[in-house]
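After the structure tokens below, expect a handful of questions from me.
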Amino acid sequence: MTEHVVVVGGGTGGTVLANDLAERLDAEVAAGDVHITLVNDDPDHVYKPVWLYVPFDQREPADGRRRLDELVPDEVDLRIDRVTDIDTESKRLGFGDGPSLSYDYLVLATGSTLEPERIPGLEQAGHDYYSESGATALREELLSFTEGHLVLSVVGSPHMCPAAPLEFVFMADDWFRKRGLREDVDITYTYPIQRVHGNSHIAEWARPIMDERDIEVETFFNAESVDPDAQSITSMEGAHLDYDLLVAIPPHAGIDLVEDAGLGDDGWVDVDKHTLEAEAAEDVYALGDTADTGVPNAGSVAHYQAGVVGQRLASEIRGRPATATYDGKTLCFIETGMDAASFVEFDYENPPSPAPPSQKLHWSKLAYNESYWLTARGLL
């Protein structure tokens with residue numbers, strides 16, 4: 001009997017896992033004992049960290065796109081389609097028009113979606129770099145912005161790439177300084193809790209840098225509404241900020257079908273944070289943003305989790321105890337300007353301790369961005 005593994009989501013986690021399984025189970029796949037299917041609703045794989053550089057005219061959106069069929073081997077059946085229903089009892093996936101798909105093991109790597117419409121006025125007024133279209137539109141605004149008040153407001157939390165809001169204001173500060181415009185540009189950063197980052201160690205590291213660079217900070221600022229005509233943003237706490245350019249991190253959510261399937265709330269799958277197994281269904285795993293583990297929604301997390309899920313699935317398929325576990329490992333480069341960066345690495349037990357910013361670490365991040373496509377192929 002052929003064991004069918006279906007991976008839903010062709011982002012970092014899903015693509016790395018599909019490649020991992022194809023290599024790890026190569027003998028079983030060749031013998032017809034295992035079949036691997038990767039389902040994605042877009043023929044392209046998108047590397048979202050590229051979008052941070054687009055507003056500063058450092059990269060093009062196309063630099064973050066590759067066709068999925070170029071990233072996974074022929075041994076992986078690639079289905080470009082949108083899943084509309086998950087039935088964990090019958091182990092079957094439904095699609096809008098096409099035939100349904102049965103599975104023996106299911107891995108959900110469906111990622112995050114943006115929901116700016118939750119905040120009145122945000123869609124009309126706020127720019128973001130968490131989407132390709134948002135990053136491109138922000139570039140047009142930023143390149144012509146020579147004076148005024150730039151507000152970066154973290155509206156939704158948790159969100160993809162937790163360091164990216166800090167990176168943006170650090171890069172913007174340096175970018176304006178290098179162009180001789182910083183004295184004419186005020187920068188304010190808002191965050192919904194009483195520090196500048198969700199992780200207290202990173203917050204303690206970042207706040208002095210912000211103070212040193214005259215980046216104003218408004219903590220415990222939970223955006224409630226935006227007035228596009230008056231160019232102002234108001235918080236639930238009653239604070240009010242006028243802006244000339246608003247850059248917002250919109251609210252994030254998962255996908256409805258996860259909640260509809262009874263796997264978790266708000267589109268996030270409730271999982272065991274070590275095994276990544278779904279708590280509400282057998283033979284279902286989740287990874288990356290989709291897995292509610294409490295770790296950052298970062299690409300490195302999805303990468304490491306994919307390796308764990310790959311090992312566990314291989315063990316189960318071979319009739320052996322699955323012993324691989326995820327320890328919360330996360331690593332991240334943090335840009336601190338246009339040519340300097342820091343680096344953090346941490347897990348469930350060990351907190352982050354950001355490295356001193358350096359040009360070497362900045363170039364290391366750029367080098368990783370270039371080599372990412374090898375990672376997606378499972379070669380790194």
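The values are calculated or read from the model by the stated rules, or taken from the named source; none is laboratory data. All values derive from a computational prediction rather than experimental measurement. Because the Cβ atoms are built from the backbone with ideal geometry, glycine has one as well, and the counts that use them run over all protein chains shown. In case anyone asks, the SASA skips ligands and DNA or RNA and just uses the protein heavy atoms, side chains included. Shrake-Rupley method; radii C 1.70, N 1.55, O 1.52, S 1.80 Å.
Would you mention how many residues in the range 262-272 are closer than 23 Å to residue 163 by Cα and either out of contact with any strand residue (DSSP E or B) (no Cβ under 8 Å at 6 or more places or on another chain) or surrounded by fewer than 18 Cβ atoms within 10 Å (Cβ to Cβ) (or both)?
Of the residues in the range 262-272, 1 are closer than 23 Å to residue 163 by Cα and either out of contact with any strand residue (DSSP E or B) (no Cβ under 8 Å at 6 or more places or on another chain) or surrounded by fewer than 18 Cβ atoms within 10 Å (Cβ to Cβ) (or both).
The conditions are (1) in contact with a strand residue (DSSP E or B) (Cβ under 8 Å, 6 or more places away or on another chain); (2) under 26 Å from residue 115 (Cβ atoms), and residue 148 fails exactly one of them. Which is it?
Residue 148 satisfies all of (1) in contact with a strand residue (DSSP E or B) (Cβ under 8 Å, 6 or more places away or on another chain); (2) under 26 Å from residue 115 (Cβ atoms) except (2).
Another question about this same structure. Show the residue pairs meeting these rules: Cβ distance below 9 Å; 6+ apart or different chains; first residue within the range 52-79 and under 19 Å from residue 32 (Cβ atoms); second residue of a type in the set (Phe, Trp, Tyr) and part of a helix (DSSP H, G or I).
none
Is it the case, given these coordinates, that residue 88 is within 19 Å of residue 261 (Cα to Cα) and either buried (at least 20 other Cβ atoms within 10 Å of the Cβ) or not basic (Lys, Arg) (or both)?
Values: within 19 Å of residue 261 (Cα to Cα): yes; either buried (at least 20 other Cβ atoms within 10 Å of the Cβ) or not basic (Lys, Arg) (or both): yes.
Taking the combined requirement at face value, the residue satisfies it.
How do the strands (runs of 3 or more DSSP E) wholly within the range 24-78 filter down when requiring 3 or more residues that are open to solvent by 40 Å² or more (accessible area, probe 1.4 Å) and of a type in the set (Lys, Arg): which remain?
In the range 24-78, 65-67 are the strands (runs of 3 or more DSSP E) which contain 3 or more residues that are open to solvent by 40 Å² or more (accessible area, probe 1.4 Å) and of a type in the set (Lys, Arg).
May I pose another question? Any residue in the range 201-216 that is in contact (Cβ under 8 Å) with a residue 60 or more places away in the chain, surrounded by fewer than 17 Cβ atoms within 10 Å (Cβ to Cβ) and under 21 Å from residue 357 (Cα atoms)?
Scanning the range 201-216, I find at least one residue that is in contact (Cβ under 8 Å) with a residue 60 or more places away in the chain, surrounded by fewer than 17 Cβ atoms within 10 Å (Cβ to Cβ) and under 21 Å from residue 357 (Cα atoms), so the answer is yes.
Assess whether residue 20 counts as being within 30 Å of residue 363 (Cβ to Cβ), at pLDDT below 95 and not in a loop (DSSP other than H, G, I, E, B).
No; evaluated as a whole, the condition is false for this residue.
I'd like to know if the range 317-328 contains one or more residues that are touching a His at 6+ places or on another chain (Cβ under 8 Å), of a type in the set (Ser, Thr, Tyr) and under 30 Å from residue 213 (Cβ atoms).
no
State whether one or more residues within the range 318-334 are surrounded by fewer than 22 Cβ atoms within 10 Å (Cβ to Cβ) and at positive phi.
Yes: the range 318-334 contains one or more residues that are surrounded by fewer than 22 Cβ atoms within 10 Å (Cβ to Cβ) and at positive phi.
Using the structure shown, decide if residue 65 is under 19 Å from the mean Cα position of the chain (by Cα) and more than 23 Å from residue 277 (Cα to Cα).
yes
Can you tell me how many residues in the range 262-276 are free of Cβ contacts under 8 Å to residues at least 24 places away in the same chain and either more than 19 Å from the chain's Cα centre (by Cα) or not in a loop (DSSP other than H, G, I, E, B) (or both)?
To start, the set of residues in the range 262-276 that are free of Cβ contacts under 8 Å to residues at least 24 places away in the same chain comprises 265-266, 270-272.
Going one step further and asking which of them are either more than 19 Å from the chain's Cα centre (by Cα) or not in a loop (DSSP other than H, G, I, E, B) (or both), we end up with 270-272.
So the count comes out to 3.
Exactly one condition in (1) under 23 Å from the mean Cα position of the chain (by Cα); (2) in a helix (DSSP H, G or I) is false for residue 211; which is it?
(1)
Tell me which residues, restricted to the range 224-261, are free of Cβ contacts under 8 Å to residues at least 40 places away in the same chain, of a type outside the set (A, V, I, L, M, F, W, C) and open to solvent by 20 Å² or more (accessible area, probe 1.4 Å).
229, 234, 237, 238, 240, 256, 259
So which pairs qualify, if the first residue must be in the range 299-320 and free of Cβ contacts under 8 Å to residues at least 12 places away in the same chain and farther than 10 Å from residue 25 by Cα, the second must be open to solvent by less than 10 Å² (accessible area, probe 1.4 Å) and among the small types (Gly, Ala, Ser), the Cβ gap must be under 9 Å, and the two must be at least 6 apart or on different chains?
Cβ pairs passing all conditions: 320/314.
Just to confirm my filter: which strands (runs of 3 or more DSSP E) fall fully inside the range 279-380 and include at least 2 residues that are in contact with a strand residue (DSSP E or B) (Cβ under 8 Å, 6 or more places away or on another chain), over 19 Å from residue 8 (Cα atoms) and hydrophobic (A, V, I, L, M, F, W, C)?
Numbers: elements: 284-286, 330-335, 341-346.
Here the list reads 330-335, 341-346.
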